[in-house]
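Throughout, read-outs are computed from the coordinates displayed, never taken from laboratory work. All figures in this text were calculated on a predicted structure; none of them were measured in a lab. Positions of Cβ are generated from backbone atoms using ideal geometry, with glycine treated the same way; all protein chains shown enter the neighbour counts.
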């Protein structure tokens, strides 16, 4: 390039503090059209705050924002949209009860006679937008009927329909299968060709290196490094993010496999589970891989008594058991850390103490009264053992980072000393440092004799943590691989059926 | 489980029409049990009796779709009726200024609700519970707890017989229902009412003035309550300070029977009308069968539970084949 390009977005000395935290501190950063900038950092590093400033969601304390060389102020999300700045949030910002077209044009519906909505034009325009991007979704479909991946693509169509010049994507692939991820990447790259400036936020470094032209690393509110992607190695980026060396992404303590604890024989439930048999042994971590929708979560829920079994048997320590409810499973010593932390795992508005102690309360009650001292003592021990970073036990769980929330859920189970722990996507949306800690904890628990079943969509995680790997496809287990024989390719081949 | 697409489309048909089917079943049932039931005169009586609840239920539906609720409607109806009657008669303002002030009273209470909810950030349940007490109290203060009689013909016209032999309140209901339907289905405000109930933050981020949307629904609900109060006053030939007690519960029941979700984001006017008519037909039919009114309450409560359970059952049947969207 010979000409010196004017950056699409130029941030100068941006500062933002919240009570007690300097969330963003002296950040200056350029984002160019025709480029993908990956913004990486641990949770709490300030990425989200920075993006919220650019999108007019939170006001900045000081600093300047230039768009195509012009000084702008962005006091509201509406203003950001008018300027062509859009953000695709990690938690999808679509209204499930409305149709695709209604969502895309929400707040700027085409009018007829000044008062009515021109539905015909709205749906025609929405469909054109979808078709142009090659998104195979009807504009009249209701969002609730779409898959997560389809919703993500609709979000992008919505963003683009604002004539976006700058799009920020926050963890867009966290719930996509690898095939859906490919579709998304194609779309992102074609947007780059069209000249859009893209900011891509992700914890998955493989994606960052696959997509990004430039990488910016944030830590503790500061921008600690920025440069062309080719100037970095993944190890370097991790070091910059956490500010310390991580010996290995997935430290693995080889476990001694003990006697079998939980055995499932030919489990069946609806279309999702069509005959699954598996066995978990003391001391081992079994990875359950497969595409989203292959039935992994359903198997986990069956083993936990959360869904009704339509066929098959579950054996626990040598005798057959009938799990009619999660209570039955918990009584036996089976725990589940669910996939959807916020909806199924946490009492978000309650304290760390309440969340970590919730499982203990019944066990530690005497004559119907909760023995708070005993609960407190155990919760304090667990919080220390798992190194949950919280100012105090009365902190609301929703104010913790994703990694610490996950640790609180695990702490709740550990208080019950389970024999079997099932973890469904335990590190989704969790930053690198906390992820390594959760993995280390899993290894430690296995070494103490717990049987662990881990569901994950991240192949490096599956490969790094598991002693044995099961692969599911269309409701069945289609492959069993030992730690030694497993590779990303073999798992993917089994999961997609391309043998 | 039933098999194939055939049954799931049948279930989705049931899902969309369950309220109307229940109404139909009840109609047929009473028609078989009582010969007087299916006469033009009786059907008009049902329509007249239902119009009061239905008017309030229309406003209520809008507030519930946004994820809110309006508990003040019964008291607002009483206050509007009392002020209108009082000012028209002993206040000496005349009927039309009195009626106008009655409607403005409804808007005023709607404004109070909106202000508490939007500016004061008070949860709708609590805010409208408070205004329910305030409006009832003001009514009792103004009337000294006694009826206000002496309404002239222009006032009582609104409770009487109208064109084509159809009572005026029913005409009012038809007009209001049509306007509300158009508002919900064909205007940006209507779309935004659904959007706020489906996801308030998302709607705000899309650049919609969420506060204005909420204000609108409470204003409309107040207006609907006032209309209902004025019509009831006209029908009774006097303002009674204790009218509309429990009206909010009938209105909520009508909306919920009609498929409006208390969680917000879902609902509509046709369903609410059907819901209101289920309540109206039940009262009428049970009266014709000479069931004592105390017993009627028990039956109504049980029908309500059955209808909601049926709706829930159908919803589950329909949702199940889709499985867990996340995996």
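Multiplying the residue separation of residue A:28 and residue A:163 by 0.36 nm and removing their Cα-Cα distance gives an extension gain of 46.1 nm.
Using a simple spin-label model with pseudo-atoms 7 Å out from Cα toward Cβ, residue A:344 and residue A:235 lie 3.8 nm apart. For chain A, the relative contact order comes to 15 percent (Cα pairs under 8 Å, sequence separation of at least 6).
Between the range B:265-306 and the range A:59-121, what is the C-alpha centre distance in whole Å? Measuring centre to centre over Cα atoms gives 44 Å. Angle between the Cα long axis of helix A:148-161 and the longest principal axis of chain A, 0 to 90 degrees, nearest 10? The two axes meet at around 10 degrees. Packing here is the average count of other Cβ atoms within 10 Å per residue, and on that basis the peptides B:79-89, A:136-146, A:308-318, A:398-408, highest first, run B:79-89, A:398-408, A:136-146, A:308-318. Rg and Dmax over the alpha-carbon atoms of the range B:1-155 stand at 21.4, 70 Å. Largest GNM mean-square fluctuation across B:259, B:120, B:106, computed for chain B with C-alpha springs under 10 Å, falls on B:120. Let me know the shape class of chain B, please: from the alpha-carbon gyration tensor, a ≥ b ≥ c as square roots of the eigenvalues, rounded when a/c is under 1.5, otherwise prolate if a/b is greater than b/c, or oblate. Judged from the Cα gyration tensor, chain B comes out oblate (a/c at least 1.5, b/c at or above a/b).
Once you reduce the range B:109-168 and the range A:164-223 to the center of their Cα atoms, the two points are 56 Å from each other. Once C-alpha pairs closer than 8 Å and six or more residues apart are averaged by separation and normalised to the residue number of the range B:41-317, the relative contact order reads 35 percent. From the square roots a ≥ b ≥ c of the eigenvalues of the alpha-carbon gyration tensor of the range A:145-220, which class results: rounded (a/c under 1.5), prolate (a/b over b/c), or oblate? Judged from the Cα gyration tensor, the range A:145-220 comes out oblate (a/c at least 1.5, b/c at or above a/b).
What's the angle, to the nearest 10 degrees (0 to 90), between helix A:402-414's Cα axis and the longest principal axis of chain A? In chain A, helix A:402-414 runs at an angle near 10 degrees to the longest axis.
Kirkwood-type hydrodynamic radius, the range A:260-496: 18.1 Å, calculated from all non-identical alpha-carbon pairs. Here the Gaussian network model covers chain B, with springs between Cα atoms less than 10 Å apart; of B:216, B:75, B:34, B:34 fluctuates the most. For an R0 of 35 angstrom, estimate the FRET efficiency from the Cβ-Cβ distance between residue A:396 and residue A:70 and round to the nearest 0.05. Once rounded, the FRET efficiency stands at 0.30. Convex hull of alpha carbon positions in the range A:9-96: directionally averaged projected area 6.6 nm².
Its residue count N fixes a reference of 2.2 N^0.38 Å for the range A:234-353, and the Cα radius of gyration divided by that reference is 1.32. As a size descriptor, the averaged projected area of the C-alpha convex hull of the range A:180-235 was calculated at 4.4 nm².
Annotation: for a label point projected 7 angstrom from Cα along Cα→Cβ of residue B:310, residues of the range B:23-39 with backbone N closer than 14 Å are B:23-30.
Evaluated on the range A:9-242, the Kirkwood hydrodynamic radius is 18.4 Å, with distances taken between all distinct Cα atoms. Seen from a random direction on average, the alpha-carbon convex hull of the protein assembly as shown projects onto 41.5 square nanometres. Between residue A:228 and residue A:492, full extension at 0.36 nm per residue minus the direct alpha carbon distance yields a gain of 92.0 nm. Taking each residue as 0.36 nm, the span from residue A:209 to residue A:62 lengthens on full extension beyond its C-alpha to C-alpha distance by 49.7 nm. Would the range B:43-109 count as rounded, prolate or oblate if I go by the C-alpha gyration tensor, calling it rounded below 1.5 in a/c and otherwise prolate when a/b exceeds b/c, oblate otherwise? Since a/c reaches 1.5 but b/c is at least a/b, the shape of the range B:43-109 is classed as oblate. Note on residue A:141 and residue B:237: their simple-model spin labels are 6.3 nm apart, each label 7 Å out from Cα toward Cβ. FRET efficiency for the residue A:325 to residue B:299 pair, using the beta carbon distance and R₀ = 30 Å, is estimated at 0.30. Please figure out what share of the DSSP beta bridges in the protein assembly as shown is antiparallel and state it in percent, rounded to the nearest 5. So the antiparallel bridges amount to about 60 percent of the total. Measuring between their Cα centroids, the range B:183-247 and the range B:36-106 lie 13 Å from each other. Between B:145, B:285, B:94, the Gaussian network model of chain B with springs among Cα atoms under 10 angstrom shows the greatest mean-square fluctuation at B:145.
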